[in-house]
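Right, one structure below, let's go through it.
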Amino acid sequence: MKIPYLERQPADVIHRYQSRKLRELLHYLQANSPYYRRVFAARNVDIDLIHTVDDLVYLPVTTKEDLQQHNADFQCVPRKEIIDFVNTSGTLGRPVTFGLTDNDLDRLAYNEFLSFTTAGATAGDVFQLMVTMDKRFMAGMAYFLGARKMGAGIIRAGNGLPGMQWNTIMELRPDILIAVPSFLLKMLEYATAHGIDPNTTSVSKVICVGENIRNAGFSLNALGERIVSKWDVALHSTYAATEMGAAFTECAAGQGGHHQPELLIAEILDDQDQPVPEGQPGELTITTLGITGMPLLRFKTGDICTRHTAPCSCGRHTQRIGPVLGRKKQMIKLKGTTLYPSAIFDVLNRMEFVKEYVVEVFNNELDTDEVVLHIHCGDTRNETAAAIKQHLQAALRVTPQIKFASAEEIRALQASVSLRKLTQFIDRRTQTPVLV
Ligand SMILES: [Zn+2]
């Protein structure tokens with residue numbers, strides 16, 4: 001498949017295209033969005049003074065709290081035009097409902113078609129979707145629509161159940177899996193226990209959703225390495241959020257997720273909503289293009305990542321987004337070091353004897369952060385705790401407290417904060433840190 005014309009153009013052509021689309025969006029919001037019309041009036045925003053993407057800094061940002069508090073006012077079309085109702089997972093406060101129009105479903109399909117194309121998929125491929133298709137999630141449906149648009153085969157296996165996934169692989173011979181990477185480790189454990197050799201199966205590629213498989217320098221992280229050490233598959237990371245209705249997906253070069261300039265304007269901002277220099281971490285902030293149901297202007301995703309603009313060896317000139325370092329609200333300040341839970345996960349993932357874990361963070365009496373690692377492994381001796389601490393000290397220069405737990409205790413801890421997903425991070429702080 002040919003790379004779309006726009007994605008092969010130099011940055012200034014993409015900039016002109018996006019600037020025109022931004023002006024169209026502002027007129028659309030002014031005419032159709034009760035929320036943005038009100039905000040523009042209250043802040044004396046004259047949309048005719050916004051000419052290019054560089055002028056975005058003069059426009060207000062949209063936060064998750066704005067979406068929660070004024071959810072209905074963001075909807076730009078009458079209810080009868082909504083085809084599909086999805087919601088965000090709502091791990092922080094109330095979930096937000098998004099209504100997608102016929103146009104938005106076509107856009108979502110186009111997005112995922114381009115995303116799969118970026119990952120090297122073609123019409124002849126068969127995908128095994130190992131994610132939830134229902135429960136008002138957008139992602140599963142997006143993958144289905146994208147594969148459908150591509151003309152590829154689709155097996156809707158759903159999530160979980162390693163045995164069922166292997167049986168499906170043997171029976172229907174998919175080429176590509178769409179899966180949460182840590183679940184692949186469970187599948188590999190199952191394969192070892194049941195005498196299945198993953199390298200004799202039809203699978204050649206995995207599109208990894210929901211978790212990082214790379215370090216900031218784009219090498220595979222511990223999770224990615226553990227997968228490829230047992231299974232000779234190409235891993236492609238993809239990053240997306242319901243609010244953006246679009247994905248950033250890696251090409252074969254594996255140098256960050258490619259931005260899709262037809263669908264989103266992406267900014268990386270600091271706490272003052274100003275762009276950070278290239279290569280520096282900041283909050284990914286997106287403006288949606290082409291959405292009619294619930295378009296968003298400068299939506300702050302809460303995800304911290306970096307931007308890379310050098311042209312990619314695949315031929316695309318689009319900017320790329322490095323692996324998400326963490327959620328802004330999850331940043332931990334521990335004894336003078338700033339880190340994100342994903343860095344701790346990465347160290348724990350390297351130790352095969354650590355079977356399950358939960359990272360719990362508190363404020364202590366000095367109002368700094370205190371981290372407790374709840375760890376389930378076969379071995380609960382003091383020397384094991386010391387070895388884990390040593391690894392953490394070497395990699396992160398911090399040594400959190402370690403508490404050994406049974407698998408049941410880990411489940412109970414996870415269930416105490418969320419029944420919808422198995423979280424590995426529990427934040428009990430009353431104050432959230434500031435990005436500096
Ligand atoms: Zn590329």
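Applying the Karplus relation 6.51 cos²θ - 1.76 cosθ + 1.60 with θ = phi - 60° to the range 386-401 yields 3J(HN,Hα) values of 5, 5, 5, 4, 4, 4, 5, 4, 5, 7, 10, 6, 9, 10, x, 6 Hz, where x marks Gly and Pro. Mean residue ellipticity, 222 nm, helices only, the chain: the sum of -39500 (n - 2.57) across DSSP H runs of n ≥ 4, divided by residue count and rounded to 500, is -9500 deg cm²/dmol.
Database remark: amide H of F425 closer than 5 angstrom to the amide H of V359 (H placed geometrically; neighbours at sequence offset of 5 or more, or on other chains; Pro and chain starts carry no H). Neighbours of E250 by Cβ distance under 12 Å: Lys/Arg scored +1, Asp/Glu scored -1, total +4. Pairwise Cα distances in the range 1-325 exceed 37 Å in 16 percent of cases. Each label was represented as a point 7 Å from its Cα along the Cα-to-Cβ direction; for E225 and D55 these points are 5.0 nm apart. With the whole protein complex present, D102 retains an accessible surface near 90 Å², based on a 1.4 Å probe. Across the range 375-385, computed HN-Hα scalar couplings (Karplus, 6.51 cos²θ - 1.76 cosθ + 1.60, θ = phi - 60°) run 10, 10, 8, x, 10, 10, 7, 4, 5, 5, 4 Hz from first to last residue, x flagging Gly and Pro.
Residue by residue, the range 297-304 carries 3J(HN,Hα) couplings of 10, 6, 7, 7, 6, x, 8, 9 Hz when phi is fed to the Karplus relation 6.51 cos²θ - 1.76 cosθ + 1.60 (θ = phi - 60°); x denotes Gly or Pro. Gain on full extension, evaluated as 0.36 nm per residue between D84 and E24 minus their Cα-Cα distance, stands at 19.2 nm. Computed with a 1.4 Å probe over protein heavy atoms only, the accessible surface of the chain comes to 45 Å² per residue.
Taking square-rooted eigenvalues a ≥ b ≥ c of the alpha carbon gyration tensor, is the range 331-427 rounded, prolate or oblate, where a/c under 1.5 means rounded and, failing that, a/b exceeding b/c means prolate? Since a/c reaches 1.5 but b/c is at least a/b, the shape of the range 331-427 is classed as oblate.
Within the range 287-327, find all residues whose amide N lies under 12 Å from a label point positioned 7 Å from the Cα of V13 along Cα-to-beta-carbon. Residues 316-318 qualify, since their backbone N sits under 12 Å from the label point.
Gain on full extension, evaluated as 0.36 nm per residue between R411 and S202 minus their Cα-Cα distance, stands at 71.9 nm.
Expressed as a whole percent, the accessible surface of the chain that belongs to carbon and sulfur atoms is 52, based on a 1.4 Å probe.
For the residue pairs K186/K328; K80/K135; K300/K333; K64/K335; K2/K149; K230/K328, the C-alpha atoms sit more than 24 angstrom apart in K186/K328; K64/K335; K230/K328. In this structure the amide hydrogen of I155, modeled in the peptide plane, comes within under 5 Å of the amide hydrogens of F127, Q128, L129, none closer than 5 places in sequence on its chain. Ranked by the mean number of other Cβ atoms within 10 Å per residue, highest first, peptides 335-344, 256-265, 231-240 order as 256-265, 231-240, 335-344.
The values are calculated or read from the model by the stated rules, or taken from the named source; none is laboratory data. No experiment lies behind these values; they were computed from the predicted model shown. Glycine gets a Cβ as well: all are built from the backbone with ideal geometry, and neighbour counts include every protein chain shown. Keep in mind that these areas ignore ligands, DNA and RNA; they rest on the heavy atoms of the full protein, side chains included. Shrake-Rupley method; radii C 1.70, N 1.55, O 1.52, S 1.80 Å.
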